[in-house]
Structure formats: structure tokens, C-alpha cells
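A.B. asks: Have a look at the structure that comes next, please.
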Amino acid sequence: MNFLECVRISFRSIKTNTLRSFLTMLGIIIGVSAVITMVSIGEGASANVASQINGLGSNLLIVTSGQARQGNISLGAGSMQSLNLEDAVAISQQSSVAGVAPSVNTRGQVVWHNNNYSTSLEGTTEAYPDVRNVEVQQGRFFNRFEVEGKSNVAVVGPEVVNSLFGSYYANPIGETIQINQIPFEVIGVLKSQGSSGMTNNDDKIVVPITTAMNRLIGRPNVGTIYVSAKSADNMLQAQFDIQNTLRAEHGLKPSQDNDFQIRSQSDILSTAQGVTSVMTTLLSGIAAISLVVGGIGIMNIMLVSVTERTREIGIRKAIGATRRDIMQQFLIESVTLCLLGGIAGVLIGILMSKLLTSFAGIATSLSVEPMLYAFLSSMLVGVVFGVYPARKAASLKPIDALRYE
């Protein structure tokens with residue numbers, strides 16, 4: 001019996017038991033589609049994280065205060081409060097640095113007419129848009145004179161406009177809002193940046209850092225200093241210059257540790273993508289379990305098929321079919337079931353990914369590799385779980401098979 005004849009008989013057997021064959025393939029279909037969907041979600045999340053981090057700014061370095069300690073207990077990053085505006089000025093004078101934007105953060109209660117809203121407040125300088133890659137869609141950003149003059153001006157995010165003024169399309173320019181009972185004039189609206197992790201970048205109000213320090217927060221320390229290096233090739237040099245500058249500004253001795261931390265986009269991106277990679281692998285592993293379950297279903301139904309066709313096997317052996325012919329026939333049936341299930345699973349996985357993006361707003365990213373991996377895995381399942389039933393069928397003795405009732 002040649003290979004094509006075995007394939008023809010396999011398709012005929014599957015067609016004869018259509019419902020049973022479909023239910024057998026269902027485990028493979030679910031497994032393959034689940035793997036593709038989970039991997040696409042993981043890759044989409046990774047791409048989204050990369051986009052958000054790269055959107056923080058161009059060639060960005062983030063300088064934060066060090067960790068204070070109480071006894072042997074660390075109080076966390078930024079608890080030392082070792083940075084100030086003079087540090088930002090000193091950093092800006094380095095030749096490897098293109099721009100510097102110190103920042104302080106807090107939360108505040110915002111009031112406009114009868115609307116009351118709680119949001120994030122950020123104080124910074126006029127360099128913020130260039131350093132952090134932020135654009136203004138309405139009005140303007142505050143300038144150097146307004147920072148030096150501690151002006152009560154504010155640039156608001158789109159979410160603040162919607163919540164406070166009733167619509168994303170409202171024009172708040174020139175309106176006066178109360179931030180912690182202090183009047184501020186709205187001079188601009190930020191362009192939407194979306195969310196990054198637990199932070200909504202559109203839900204904030206940006207004011208001059210001098211105003212924030214003196215009237216909203218009441219402390220002279222800077223929480224974060226954002227630094228833009230002149231080029232990607234200059235990142236290491238800029239990091240070295242910042243470290244030396246801050247150590248000199250803070251009067252640290254060679255034996256003393258830094259009282260600040262410097263992180264780059266690549267460090268943050270590597271950490272974030274490491275987390276998403278682990279999550280993708282975990283989700284894919286869970287989804288792949290259903291492939292194994294599907295394989296057990298294939299083995300079960302093939303064993304049933306061997307029992308049902310015992311007399312058929314006996315007749316074929318009696319008229320000259322070899323052990324190899326019988327084994328090949330049942331193995332091809334197993335692989336065919338997995339082949340059809342794999343194709344259907346790939347199509348359903350692609351469809352599910354598209355639907356999640358369109359209707360659930362979940363970022364997904366489809367690529368050929370996981371589809372190929374899932375499809376080949378389904379084929380492997382067909383071979384692995386089809387071998388035992390095929391060997392059992394091939395090992396039947398003709399005389400015993402013909403006597404089987």
C-alpha cells in the first residue's frame with residue numbers, strides 16, 4: 001500500500017465519523033489558537049511597553065534621589081531627597097547633555113466652577129517638552145520667564161479637560177482653575193500620550209517647578225531630573241558626566257556611595273521587556289497544556305478506532321498488508337487529524353487576536369514564528385500520540401483479528 005493510498009483511506013475514515021473527528025480535533029484547535037492568542041497578547045504588550053518607554057523622550061537619562069536607610073531597612077528609591085535645582089543647572093552645563101528638565105510631583109484637588117477633580121500635578125521647567133518628547137495640541141507651554149517669575153500658569157492633560165470641562169473637545173485656554181485653592185490660568189493642553197503601566201499620562205497638570213515648590217508642595221527638593229543626551233552614542237558619556245557632576249555638587253568622598261541613581265531608557269526597557277517575556281512564556285506554557293490534552297484525546301480515539309477496525313486490519317493483513325503498511329495508515333490518520341486541527345487553530349488564533357484588538361482594546365502583535373511553532377507542535381502531538389495506537393494495530397495477528405467479534 002503506497003503513501004497516497006494511506007492518505008486517501010485516512011480522509012475517508014475521518015469523513016465517515018465526522019462528529020467524532022471534529023470533537024477529537026477540538027483539543028488541538030483550542031490548544032493552537034490559545035498559544036497564538038497568548039503569544040500575540042504578550043508580544044503586543046512588549047511592543048506597547050517599548051513604545052511608551054521610547055516615548056518618554058529622546059536619549060533619555062533619569063536621575064532620581066538615592067535610598068535612605070533606617071537601621072538596616074531601606075526606605076525605597078527617592079527617599080533620600082538629595083537632588084535640587086542647582087544640581088539640574090550643573091548637569092545642563094555638561095557638553096554631552098542636550099537638555100535638562102527637573103521635576104517634582106504631587107497630587108492636588110482641582111476646581112472649575114462647580115466641578116471638582118483630583119489629579120496628578122507635575123512641576124517642571126520650559127525644557128520639559130523637548131526633553132520628554134511632549135507636544136502641546138492647544139495653546140502653548142510656559143516659558144523661562146514664567147518659571148523664573150513663579151507664575152500661576154498651567155498646562156493640562158486631555159483627561160483633565162474631559163473631566164473638568166466636560167468634553168475632550170472643550171477649549172480651556174484662558175480659563176482660571178483652582179489648584180489646592182490657588183488660582184491658575186490654563187495656557188495649554190498637552191497632546192495625548194496614553195497610559196504606561198499604572199500611570200495615565202493624560203491625567204495630569206503641569207506647572208512651573210518654582211510655583212510648585214513654593215505654593216503647592218512647600219519643599220526645595222527635586223524628585224527627578226530628566227536629562228536628554230546629545231545622541232544615542234553619547235549616552236554612556238552623559239551618564240559618566242552626570243555622575244561626576246552630582247558627586248562634586250554633593251561633596252561626596254571617593255569612599256562614599258552615590259546618593260542618587262541614574263537610569264537609562266535601555267535599562268528600563270530591558271527590565272520591562274524581561275517581565276513581559278516571562279509573562280508571555282507563562283501564558284504560552286499554560287495554553288500549550290491544552291495541546292497535550294488534545295494529544296491524549298487523539299490517542300484515545302485512535303485506540304477506539306483500532307478496536308472498531310480489528311477485523312478490517314485482519315483482512316488487510318490476510319491479503320498481504322505488511323506491519324509497516326498498517327502502522328503507516330493509523331499514524332497518518334492521527335497526523336491528519338492534528339494537521340486539520342492545527343490549520344483551524346491558526347486561523348481561529350489570528351481571528352481571536354484581531355477581535356481582542358478591535359473590541360477589547362488589547363494590544364496584540366501577530367508574527368509568523370509563534371504560528372509556525374504552534375502548528376508544528378500540533379503535528380508533533382499527532383506523531384507522538386499516534387505511535388502507540390499505530391503500533392498496537394500493526395502488532396495484531398491476522399488470525400486473532402479475523403476471529404474478533
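A.B. asks: When you go through A232, A288 one by one, which is the residue that is closer than 30 Å to A390 by Cβ and not basic (K, R)?
C.D. replies: Values: A232 fails: closer than 30 Å to A390 by Cβ.
Answer to the check: A288.
A.B. asks: Which ones in region 323-358 are touching a residue at least 40 places away in the same chain (Cβ under 8 Å), hydroxyl-bearing (S, T, Y) and over 23 Å from V293 (Cα atoms)?
C.D. replies: T357
A.B. asks: With the structure loaded, tell me whether G382 is within 16 Å of I28 (Cβ to Cβ), crowded, with 17+ Cβ neighbours inside 10 Å and out of contact with any Cys (no Cβ under 7 Å at 6 or more places or on another chain) or whether it fails that test.
C.D. replies: Details: within 16 Å of I28 (Cβ to Cβ): yes; crowded, with 17+ Cβ neighbours inside 10 Å: yes; out of contact with any Cys (no Cβ under 7 Å at 6 or more places or on another chain): no.
Answer is no for this residue.
A.B. asks: State whether one or more residues within region 124-144 are modelled with pLDDT of 90 or more and within 16 Å of L216 (Cα to Cα).
C.D. replies: yes
A.B. asks: Could you check region 77-156 for helices (runs of 4 or more DSSP H) lying wholly inside it with 2 or more residues that are hydrophobic (A, V, I, L, M, F, W, C) and over 23 Å from K230 (Cα atoms)? Before you say what the answer is, go through the steps one by one.
C.D. replies: Working: elements: 85-92, 128-131, 144-148.
Filter on region 77-156 gives 144-148.
A.B. asks: Could you tell me which of the residues Q94, Q70 is more than 32 Å from the chain's Cα centre (by Cα), over 21 Å from S151 (Cβ atoms) and at pLDDT 90 or above? Explain how you work it out, then say what you get.
C.D. replies: Values: Q70 fails: at pLDDT 90 or above.
Just a single option satisfies the conditions, and that option is Q94.
A.B. asks: Could you list all residues from region 242-260 that are surrounded by 13 or more Cβ atoms within 10 Å (Cβ to Cβ) and part of a loop (DSSP other than H, G, I, E, B)? I'd like the intermediate steps shown before the answer.
C.D. replies: Residues of region 242-260 that are surrounded by 13 or more Cβ atoms within 10 Å (Cβ to Cβ), as a first pass: 242-243, 245-247, 249-250, 252, 258-260.
Within region 242-260, H250, L252, N258, D259 qualify.
A.B. asks: Can you find a residue in region 167-187 that is surrounded by 20 or more Cβ atoms within 10 Å (Cβ to Cβ) and either over 25 Å from I225 (Cα atoms) or outside the structural domain of R107 (by TED's automatic domain parsing) (or both)?
C.D. replies: Within region 167-187, the first condition is being surrounded by 20 or more Cβ atoms within 10 Å (Cβ to Cβ), and the residues that meet it are 172, 177, 179, 184, 186-187.
With the extra rule that they be either over 25 Å from I225 (Cα atoms) or outside the structural domain of R107 (by TED's automatic domain parsing) (or both), the set shrinks to 172, 177.
Within region 167-187, one or more residues are surrounded by 20 or more Cβ atoms within 10 Å (Cβ to Cβ) and either over 25 Å from I225 (Cα atoms) or outside the structural domain of R107 (by TED's automatic domain parsing) (or both).
A.B. asks: What's the total number of residues in region 210-241 that are assigned to a loop (DSSP other than H, G, I, E, B), at pLDDT below 90 and farther than 16 Å from N59 by Cα? Walk me through how you get there before you give the answer.
C.D. replies: Taking region 210-241 as the starting set, the residues that turn out to be assigned to a loop (DSSP other than H, G, I, E, B) are 218-223, 230-231.
If we keep only those that are at pLDDT below 90 as well, we get 218-221, 223, 230-231.
Then drop every residue that is not farther than 16 Å from N59 by Cα, which leaves 218-221, 223.
Final tally of qualifying residues: 5.
A.B. asks: What number goes with the only condition from (1) over 17 Å from S103 (Cβ atoms); (2) under 27 Å from the mean Cα position of the chain (by Cα) that V134 does not pass?
C.D. replies: For V134, the exception is condition (1).
A.B. asks: In region 348-405, which residues are modelled with pLDDT under 85 and among the charged types (D, E, K, R)?
C.D. replies: The answer is E369, R391, K392, K397, D400, R403, E405.
Condition check ((1) buried (at least 21 other Cβ atoms within 10 Å of the Cβ); (2) assigned to a helix (DSSP H, G or I); (3) β-branched (V, I, T); (4) touching a Phe, Trp or Tyr at 6+ places or on another chain (Cβ under 8 Å)) across all residues:
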{"site": "E5", "(1), (2), (3), (4)": "no, yes, no, no"}
{"site": "I9", "(1), (2), (3), (4)": "no, yes, yes, no"}
{"site": "K15", "(1), (2), (3), (4)": "no, yes, no, no"}
{"site": "F22", "(1), (2), (3), (4)": "no, yes, no, no"}
{"site": "M25", "(1), (2), (3), (4)": "yes, yes, no, no"}
{"site": "G31", "(1), (2), (3), (4)": "yes, yes, no, no"}
{"site": "G42", "(1), (2), (3), (4)": "yes, yes, no, no"}
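A.B. asks: Which numbered condition in (1) part of a loop (DSSP other than H, G, I, E, B); (2) among the small types (G, A, S); (3) touching a helix residue (DSSP H, G or I) at 6+ places or on another chain (Cβ under 7 Å); (4) modelled with pLDDT under 75 is the only one that A321 fails?
C.D. replies: (3)
The values are calculated or read from the model by the stated rules, or taken from the named source; none is laboratory data. Please read these numbers as outputs of a predicted model, since none were measured by experiment. Ideal geometry is used to build each Cβ from the backbone, glycine not excepted, and the neighbour counts take in all protein chains shown.
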